[in-house]
Amino acid sequence: MKIRAYRPGDRAALARMYQEGVDYSLDELSKSQWFSKLVLENDEGKVVMATLARRTCEVHCMVDHTAGTPKERYRAFEALHVVTERVLRSKGMADGFCVLANTPRLRRFGRRLMKLGWLQLWSFWFPIKE
C-alpha cells in the first residue's frame, strides 16, 4: 500500500470510483479549488482509494420573521443570496452548503433554495452525545 499525490493519469480511476458513490460527474481536478488530492495504491500499483479536499463553506442564514411579509422577506433573501455568492466566490470558495432541520418551515425553505439553483444532495447524520 502506498499513499501519494494525485497525478492526471489517476483521473479515470477516481471518476469510476466517484460514479459508484454519487450520480453526478466529478469536477475538474486541475482547478485550484482542490487544495489536497491524495491517492492510495494497492500493492499492485492500482489506485483503490482517494481523498480530495476543496474549499467550501457552511452558509447560515438568520431571518427576523416579524420583518415584512413572507414575499418581502423572500425578495430580500434573493438579493442577499446573489451578493453572498459573489463574495464567497471572490474568496476562492468552490461551493457552500447549508443544513436544514427537518421541520415544515425549513422544508418549504429548501424548495425555495432549489429555485435559486441549490441542490439537495446529501442527508447529514450527526451522532447523539449524552
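Just so you know, all these numbers are worked out from the coordinates, no wet-lab data involved. Here the structure is a predicted model, which is why all the values come from computation and not from measurement. Using ideal geometry, Cβ is built from the backbone for each residue, glycine included, and neighbour counts are taken over all protein chains shown.
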I'm a student and want to see the number: the projected area of the Cα convex hull of the chain, averaged over all directions, in nm². 11.5
Using the alpha-carbon atoms, what tilt in degrees (0 to 90, nearest 10) does helix 104-115 show relative to the longest principal axis of the chain? 70
Under the rule of -39500 (n - 2.57) per DSSP H run of 4 or more residues, summed and divided by the residues of the chain, what mean residue ellipticity at 222 nm is obtained, to the nearest 500 deg cm²/dmol? -11000 deg cm²/dmol
Would you kindly work out the equivalent ellipsoid of region 20-86 from its C-alpha gyration tensor and give its semi-axes, the square roots of five times the eigenvalues, largest first in whole Å? 42, 13, 11
In sequence order, calculated HN-Hα J values of region 39-54 (Karplus, 6.51, -1.76, 1.60; Hz; x Gly/Pro): 10, 10, 9, 7, 5, 8, x, 8, 6, 10, 7, 7, 10, 10, 10, 10
Relative contact order for the chain: what percent, with Cα pairs under 8 Å and sequence separation of 6 or more? 20
Show me 7-13, 102-108 ranked by packing, highest mean number of other Cβ atoms within 10 Å first. 7-13, 102-108
Taking only Cα atoms, what is the 0 to 90° angle, nearest 10, from helix 70-90's long axis to the longest principal axis of the chain? 30
Any idea what the alpha-carbon Rg over 2.2 N^0.38 Å comes to for region 56-115? 1.19
